[in-house]
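Here is the structure we will look at.
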Amino acid sequence: MSFTFALEATAGAARAGTLTLPHGTVPTPAFMPVGTHGVVRGLSAADVRGTGARIILGNTYHLHLRPGESIVGDMGGLHRFTGWDRPMLTDSGGFQVFSLEQLRTISESGVEFRSHVDGTWRRLTPERATEIQWDLGADIAMAFDHVVPGGAPRELAEEGMERTLRWLGRCREEHERLAEGRGPRPRAPASQTLWPIIQGGTYDDLRLRSLEGVLARGPWTGIAIGGLSVGEPKPVMHRLLELLEPELPREVPRYLMGVGFPADLLEGIARGVDLFDCVAATRNGRHGTAWLPTGRINVRGAALKGSTEPLDPECDCEACTTVSRGYLRHLFVVEDMLGLRLVSIHNVRFLVRLGEQARARILDGTFDHWRREWLERHRSRAVPAEP
RNA sequence: GGUGGGGUGACCGAGUGGCUAAUGGUAGCAGACUGUAAAUCUGCCGGGCUUACGCCCUACGUAGGUUCGAAUCCUACCCCCACCA
């Protein structure tokens, strides 16, 4: 049966479970690599599979612009299009309301985007975002939301939160219509589920009202927390997660959108989050920053010149098991694409493995202790000494 | 041998009297990146001193000169390039 979540163990607020989706299962907690344009930048489907990732993201806005959802649909959907046969989730374009603020105007009916590709105006509404995602055909579609910056004043945060709730109703209606075969591109009704997103900026009462509104429009097979890691201080994010955790239904997965760095994953898991996604793994990988158990390292740095050490001796990824730090640095110096790919693979594997480790620790009851020690070591940010 | 052009910081290359320790690039060094407008962006980049404002030294082929002041003007020399003998 699709869209089920089995909770297997808890450790305080932390949870271990298994999410079942049409294209496979996802043991949680889990990190989802981001493949905005239908590609986890620089990595093949086989590369991503090799990192152990069980589910990846795509993006409504970007895939609508290129190649267009009808082309993806005609080619058999995102899975066939990309060659990735495990579960997928598509973001609705709500994040672009935030990240492309300069290129859009928002109204109650939806958002007008001035395409960053060719300047044409593109309209995204809750209905359109839902239709596009239906055509793309990921296992999970996200509701179209209004993301506001982390420092947003209360008035704006409230407006975004209320609007996101109203839009959620429209997304749900449209999604049900499509699932009943009343859209232009009928598919198996149980092939996609829709997840809502909690907004409300940094304001406790708004967040709680958002959650209340989401639950009132349920039931849901999963619930996302959005609008975090968008400029607010880290303690604020932790506080909001702690606020929401006891109010969230236990029986569905919680997805913290856009988060995060390694420490953010552990902090999130400790506060009851099951799913994460973040571009940092691949972006930092391309930019030459690699995560390590002891912090992070600048792969381009002169300190790695000539080093025969593996990037991360504790890691089992392709980069760490086949080449040296000195060689990785060389790849960045000569600007070969292999360097971008290998460090991206490492960073993705690092987060995927962190999820796997956390899961194992939750299951065997040692999560809290392990997490504290892990964070302590990671925060030291020390770069291991050269031989 | 003659004529013309040219020698600028690790490299390329602007700059024809003061606003020049010297525009831009490159290389080098450091940093940032959180539901991807990002293989991107930012900072440093002659040496020394100073918490800082700032100060001192060295520097535009070499050596002299003109000038209050020279990478910039004059003289000689060295070297490179092109063409002509």
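The values are calculated or read from the model by the stated rules, or taken from the named source; none is laboratory data. Quick caveat, the model's predicted, so the values are computed rather than measured. Reconstructed Cβ throughout: ideal geometry from the backbone, glycine too, with neighbour counts over all protein chains shown.
Residue by residue, here is whether (1) within 12 Å of RNA strand B (Cβ to nearest atom); (2) touching a residue at least 60 places away in the same chain (Cβ under 8 Å); (3) farther than 24 Å from A:GLY160 by Cβ holds:
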{"position": "A:ARG207", "(1), (2), (3)": "no, no, no"}
{"position": "A:GLU232", "(1), (2), (3)": "yes, yes, no"}
{"position": "A:HIS238", "(1), (2), (3)": "yes, no, no"}
{"position": "A:PRO310", "(1), (2), (3)": "no, no, yes"}
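Close contacts from the stretch A:252-276, counting a first residue that is more than 11 Å from A:ALA30 (Cα to Cα) and at pLDDT below 95 and a second that is more than 8 Å from RNA strand B (Cβ to nearest atom) and not acidic (Asp, Glu), with Cβ to Cβ under 8 Å and a gap of 6+ residues or different chains, come to A:GLY260/A:GLY268; A:GLY260/A:PHE276.
Of all residues in the stretch A:186-203, those that are under 15 Å from A:SER229 (Cα atoms) have Cβ atoms under 9 Å from Cβ atoms of residues that are at pLDDT 95 or above and among the aromatic types (Phe, Trp, Tyr), 6 or more apart or on another chain, in A:ILE197/A:PHE144; A:ILE197/A:TYR255.
Being over 22 Å from A:LEU43 (Cβ atoms) and either part of a helix (DSSP H, G or I) or within 7 Å of RNA strand B (Cβ to nearest atom) (or both) is the filter here; which residues of the stretch A:247-306 pass it? Hits for the stretch A:247-306 are A:GLU247, A:ALA263, A:LEU266, A:GLU267, A:GLY268, A:ILE269, A:ALA270, A:GLY301, A:ALA302, A:ALA303, A:LEU304, A:LYS305. In the stretch A:221-230, which residue that is in contact with a helix residue (DSSP H, G or I) (Cβ under 8 Å, 6 or more places away or on another chain) and β-branched (Val, Ile, Thr) is nearest to RNA strand B (Cβ to nearest atom)? Selected residue: A:VAL230. Among the residues of the stretch A:111-122, none qualifies, meaning not one is buried (at least 19 other Cβ atoms within 10 Å of the Cβ), away from RNA strand B (no atom under 14 Å from the Cβ) and among the β-branched types (Val, Ile, Thr). Tell me whether the stretch A:125-137 contains one or more residues that are surrounded by fewer than 16 Cβ atoms within 10 Å (Cβ to Cβ) and either away from RNA strand B (no atom under 11 Å from the Cβ) or of a type in the set (A, V, I, L, M) (or both). No: zero hits. The set of residues in the stretch A:277-317 being at pLDDT 95 or above, of a type in the set (A, V, I, L, M, F, W, C) and over 23 Å from A:THR18 (Cα atoms) consists of A:VAL279, A:ALA280, A:ALA281, A:ALA290, A:TRP291, A:LEU292, A:ILE297, A:VAL299, A:LEU304, A:LEU311, A:CYS315, A:CYS317. Output yes when any residue across the stretch A:320-336 is touching a residue at least 12 places away in the same chain (Cβ under 8 Å), more than 16 Å from RNA strand B (Cβ to nearest atom), of a type outside the set (Val, Ile, Thr) and crowded, with 23+ Cβ neighbours inside 10 Å, and no when none is. There is at least one residue in the stretch A:320-336 that is touching a residue at least 12 places away in the same chain (Cβ under 8 Å), more than 16 Å from RNA strand B (Cβ to nearest atom), of a type outside the set (Val, Ile, Thr) and crowded, with 23+ Cβ neighbours inside 10 Å.
Looking for whichever is of a type in the set (Lys, Arg), in a loop (DSSP other than H, G, I, E, B) and either on the phi < 0 side of the Ramachandran plot or in contact with an Asp or Glu (Cβ under 8 Å, 6 or more places away or on another chain) (or both) here; the options are A:ARG123, A:ARG86, A:ARG80, A:ARG128. Which one fits?
On the way: A:ARG123 fails: in a loop (DSSP other than H, G, I, E, B); A:ARG80 fails: in a loop (DSSP other than H, G, I, E, B); A:ARG128 fails: in a loop (DSSP other than H, G, I, E, B).
Within the list A:ARG123, A:ARG86, A:ARG80, A:ARG128, the selection yields A:ARG86.
Of all the criteria given as (1) surrounded by fewer than 22 Cβ atoms within 10 Å (Cβ to Cβ); (2) aromatic (Phe, Trp, Tyr); (3) within 23 Å of A:GLY12 (Cβ to Cβ), the one not satisfied by A:PHE276 is (1). Can A:ARG372 be described as among the basic types (Lys, Arg), farther than 19 Å from A:LEU265 by Cα and assigned to a helix (DSSP H, G or I)? Considered against the rule, which asks whether it is among the basic types (Lys, Arg), farther than 19 Å from A:LEU265 by Cα and assigned to a helix (DSSP H, G or I), A:ARG372 comes out as no. All of A:PHE98, A:PHE81 fail the test of being surrounded by fewer than 22 Cβ atoms within 10 Å (Cβ to Cβ), within 10 Å of RNA strand B (Cβ to nearest atom) and either over 30 Å from A:HIS369 (Cα atoms) or among the acidic types (Asp, Glu) (or both), apart from A:PHE98. The residues listed here are A:VAL39, A:VAL97, A:VAL26, A:VAL72; of these, the one that is within 18 Å of the chain's Cα centre (by Cα), part of a helix (DSSP H, G or I) and hydrophobic (A, V, I, L, M, F, W, C) is A:VAL97.
Among the residues making up the stretch A:100-145, those that are farther than 17 Å from A:GLU180 by Cα and β-branched (Val, Ile, Thr) are A:THR105, A:ILE106, A:VAL111, A:VAL117, A:THR120, A:THR125. Return a yes/no flag: does the stretch A:228-238 have any residue that is at pLDDT below 95, surrounded by fewer than 21 Cβ atoms within 10 Å (Cβ to Cβ) and either of a type in the set (Ser, Thr, Tyr) or under 20 Å from A:LEU43 (Cα atoms) (or both). Checked the stretch A:228-238: at least one residue is at pLDDT below 95, surrounded by fewer than 21 Cβ atoms within 10 Å (Cβ to Cβ) and either of a type in the set (Ser, Thr, Tyr) or under 20 Å from A:LEU43 (Cα atoms) (or both).
Going by the structure shown, is A:CYS320 touching a Pro at 6+ places or on another chain (Cβ under 7 Å) and either modelled with pLDDT of 95 or more or not in a helix (DSSP H, G or I) (or both)? Before you say what the answer is, go through the steps one by one.
Values: touching a Pro at 6+ places or on another chain (Cβ under 7 Å): yes; either modelled with pLDDT of 95 or more or not in a helix (DSSP H, G or I) (or both): yes.
Judged against the criteria, A:CYS320 is a match.
Quick check on this structure: which one of A:GLY201, A:GLY183, A:GLY169 is small (Gly, Ala, Ser) and within 11 Å of RNA strand B (Cβ to nearest atom)? Of the residues listed, the single one that is small (Gly, Ala, Ser) and within 11 Å of RNA strand B (Cβ to nearest atom) is A:GLY201.
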